[in-house]
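Below: the structure, in structure tokens.
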Amino acid sequence: MNNMKSKLFVLWLLLCSFGTVVAQGLPALHVDGRFFVDENGKRVILHGFAQTFSPFFNEEGAYWSNYDVEGCLKYNKGIIDGIIIAGWKMNFVRQHMDPYWSNTPGKDVKGESDISAFSSYRFQLYLDEVFVPMAEYAIKSGLYVVMRPPGVCPEKIQKGDKYYKYLKKVWSIVSQHPKLKNNGAVIFELANEPVQICDANGNAINNWDGGSWDKRGQLLTEFFQDVVNTIRENECNNIILVPGLHYQMLYSTFEKYPIQGENIGYAVHCYPGWYNSGYDSEVQVVYNEFKRGWNNEIMPIGRKAPIVVTEMDWAPEKYESSWGKAITGTAGGNGFGANFIRIADESLNVSWLLFTGGHLLAKYNDAAPDGKTFLTDPEACPRPCYRRFQYYATQEYSDLINSEGYLPVFSVRGQNDVVRREYYTLSGIKLSKPCRGVCVVKETNSSGKTSIFKICYK
């Protein structure tokens, strides 16, 4: 009991450290060009985690089941508390409005893409009882919220089909909710992992046939533009994230056929093997190839609108704790994780999350020595991400992303656990922050090793 009281006291202190952000709400976000910008005119790049509100994804029903609203809220609020106590520096959470709540109990379904059991009555009921309370709790805890609709896309989608109507129904309900509508801390991710788009005759357009590129782009934009319009017709101006095809991997067509309107960004997924980053069972991801694939598929629209990576993780396969199977490696060299972080930073406007289960993130202990477990191995995602998130939470990083001619600072030596970074002029005068032009950067990592190099800020 005393231990529990101590933890609650620590949590209270941590929450108080958010100051007016917790008491008065997070500064509202909007899209300005290719960046998220808050109401104070500051650019914001999001870094966070994900939650799914179902017994199976909440440790396989060990803590709640049988549509237990209070049990669900207690568990998932506890996950947010635990992550904060563990010291993670995060500023957003992706929350899945899981179909566990909106499907009619007892009705058979064939996977999460089967919407035949969907009940709009149940969805509205549990939007009020589960999803909105969890969004409010996250915001009070200092986290922006990305809301994802129930389930996943079927293999094929088509304008006017059942799934199209389903998405319009879901977002019509959500965008009229008084606690969500025009809430600048709440972002809508329109769908999860569409795979193929069909033409008016129901024929799927080949994702990999170059001759079909233009047609595929037109059809995809028409499909999601209609969903966006449904939201906007409710006079709801929340930021909207649009997914790409092939499990949220293909985005190049949006450069020619962008979604029209204000407050539009794009939701991307990224796993080992995607964007020329090797293969799922292969750990030797090469930076140059990965960067080339990313630039070809993501950056055509990423140069015009914000990008949020709403699924990403990695770890050696032996740990059986990640969707992606790869190692951290070295930024600029081989390996998935360090290169993903570098590429995201180099892209300038890419927000991203770690898709590791929240119950594992809450158990993370950065003081534990490097080891051969999922939570202690530097080649698995938790350790390097935890340490990189510490940097993202600094005033130095905020100043950097809001500086004129912003260019990212990353460790060119691949040290993702940098604990101190100092700047000097070429003549050796110490600077309080990077200057425009060439300056000298001195990095010190957690083991005390230093790296010194030059970098140019334009």
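The values are calculated or read from the model by the stated rules, or taken from the named source; none is laboratory data. Predicted model, so just to flag it, every value in this text is computed and none were measured. Heads up, the Cβs are rebuilt from the backbone with ideal geometry, glycines too, and the neighbour counts pull from every protein chain shown. Areas reflect the complete protein model, heavy atoms only, side chains present, ligands, DNA and RNA absent. Shrake-Rupley method; radii C 1.70, N 1.55, O 1.52, S 1.80 Å.
A quick yes/no check of all residues on (1) surrounded by fewer than 24 Cβ atoms within 10 Å (Cβ to Cβ); (2) at pLDDT 95 or above; (3) closer than 20 Å to residue 274 by Cβ:
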position: 312; (1), (2), (3): no, yes, yes
position: 335; (1), (2), (3): no, no, yes
position: 351; (1), (2), (3): no, yes, yes
position: 363; (1), (2), (3): yes, yes, no
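Regarding residue 241, is this residue of a type outside the set (Phe, Trp, Tyr), open to solvent by less than 40 Å² (accessible area, probe 1.4 Å), modelled with pLDDT of 95 or more and more than 24 Å from the chain's Cα centre (by Cα)? The answer is no for residue 241.
Looking at segment 179-221, which of the residues that are in contact (Cβ under 8 Å) with a residue 24 or more places away in the chain and part of a helix (DSSP H, G or I) is surrounded by the fewest Cβ atoms within 10 Å (Cβ to Cβ)?
Going through the qualifying residues, I end up with 214.
The combined condition, being at pLDDT 95 or above, of a type in the set (Asp, Glu) and at negative phi, is fulfilled by residue 222. Considering every residue within segment 340-350, establish whether at least one is free of Cβ contacts under 8 Å to residues at least 60 places away in the same chain, hydrophobic (A, V, I, L, M, F, W, C) and closer than 21 Å to residue 93 by Cα. Looking for residues that are free of Cβ contacts under 8 Å to residues at least 60 places away in the same chain, hydrophobic (A, V, I, L, M, F, W, C) and closer than 21 Å to residue 93 by Cα, one finds at least one in segment 340-350, hence yes. Checked against the criterion of being β-branched (Val, Ile, Thr), in a loop (DSSP other than H, G, I, E, B), closer than 23 Å to residue 58 by Cα and touching a strand residue (DSSP E or B) at 6+ places or on another chain (Cβ under 8 Å), the candidates 145, 109, 152 yield just one match: 109.
For segment 91-145, the set of residues classified as among the acidic types (Asp, Glu) and open to solvent by less than 20 Å² (accessible area, probe 1.4 Å) consists of 98 only. Taking segment 146-178 as the range and being of a type outside the set (D, E, K, R) and open to solvent by 20 Å² or more (accessible area, probe 1.4 Å) as the test, the residues that pass are 152, 154, 158, 160, 164, 172, 173, 176, 177, 178. Residues in segment 393-417 that are at pLDDT below 70, of a type in the set (A, V, I, L, M, F, W, C) and in contact with a Lys or Arg (Cβ under 8 Å, 6 or more places away or on another chain): 407, 409, 410.
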